[in-house]
1. Hey, what do the phi angles of region 142-154 turn into as Karplus ³J(HN,Hα) couplings, whole Hz, using 6.51/-1.76/1.60 and θ = phi - 60°, x for Gly and Pro?
2. How much solvent-accessible surface does Leu98 expose, in Å² to the nearest 10, with a 1.4 Å probe and all protein chains in place?
3. Can you tell me, using C-alpha contacts under 8 Å and at least 6 residues apart, the relative contact order of the chain as a whole percent?
4. Straight distance only, please: which aspartates and glutamates reach the Cα of Lys178 with their own Cα at less than 18 Å, same-chain residues fewer than 8 apart left out?
5. Once the Cα gyration tensor of region 25-102 is found, what semi-axes does its equivalent ellipsoid get, as square roots of 5 times the eigenvalues, in whole Å, sorted largest first?
6. Report, to the nearest 10°, how far helix 167-190 tilts away from the longest principal axis of the Cα atoms in the chain, using its own Cα long axis and a range of 0 to 90°.
7. Would you mind telling me the share, in percent, of accessible area of region 77-168 contributed by carbon and sulfur at probe 1.4 angstrom?
8. To one decimal place, what Kirkwood hydrodynamic radius in Å is obtained for the chain from all pairs of distinct Cα atoms?
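The values are calculated or read from the model by the stated rules, or taken from the named source; none is laboratory data. Given the structure is predicted, the values throughout are model-derived calculations rather than measurements. Note that each Cβ is placed from the backbone with ideal geometry, even for glycine, and that neighbours are counted across all protein chains shown. With ligands, DNA and RNA removed, areas are computed over all heavy atoms of the protein, side chains included. Shrake-Rupley method; radii C 1.70, N 1.55, O 1.52, S 1.80 Å.
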Amino acid sequence: MAESLPPTRSRIPGSGLAKGLAVTLRTMTKRAHTAQYPDAQPELPPRSRGVIGLFEENCTVCMLCARECPDWCIYIDSHKETVPPAAPGGRERSRNVLDRFAIDFALCMYCGICIEVCPFDALFWSPEFEYAETDIHELTHERDKLREWMWTVPAPPALDPSAEEPKELTAARKTADKLAAEQTARADEQAPGAEPTSPQEGEA
């Protein structure tokens, strides 16, 4: 036996028009608020996308940002340099050195993919948006200009007090403590009048 459907509510003719007119009337009675830009700066959301800043020290020229950019508006040039061995008897290594890093904001669609895919935290969003130019060529920002935008990048939000410390900070702290202990031990050994400890004394 088929279940009976609940009775449908009869719509009053013209109810939709009445609701729309009511919204219009409420809006008309409210006083309009006009922000006097540029004298009054707008209050931007905390995660607003204005311009992209480059932290050059973190860039390893991995080219991920340029490859993933859907607009191909990131231009990177680099060369390889040979680094001498860190310890005697080691082998030389080669590393990429950044020559040019530019973003053409006339082509950029502010998708943020380059910032998301960067594995070394070299790109950041800045809320600055006042960089209009009369010449379209001036919208191509080279690495010096991108580095200047880093000073306008807001600090990250504070972590939850009950959250665990990030693994990167824990590893960095352990490394720093180890290096500090080694330097202290070397300073004690090189101190004048210090008696060298024999292996038997160290084992005891």
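1. 7, 5, 5, 5, 5, 5, 5, 5, 4, 6, 9, 6, x
2. 20
3. Values: 192 pairs, mean separation 42.4, N = 204.
Answer for the chain is 21 percent.
4. Answer for Lys178, where 18 Å is the Cα cut-off: Glu168, Asp188, Glu189, listed by chain and number.
5. Values: eigenvalues 515, 43, 24 Å².
Here the semi-axes work out to 51, 15, 11 Å.
6. Result, in degrees: 20.
7. Details: 3650 of 6760 Å².
Result for region 77-168: 54 percent of the exposed heavy-atom area is carbon or sulfur.
8. Details: mean 1/r = 0.0411 Å⁻¹.
It is 24.3 Å.
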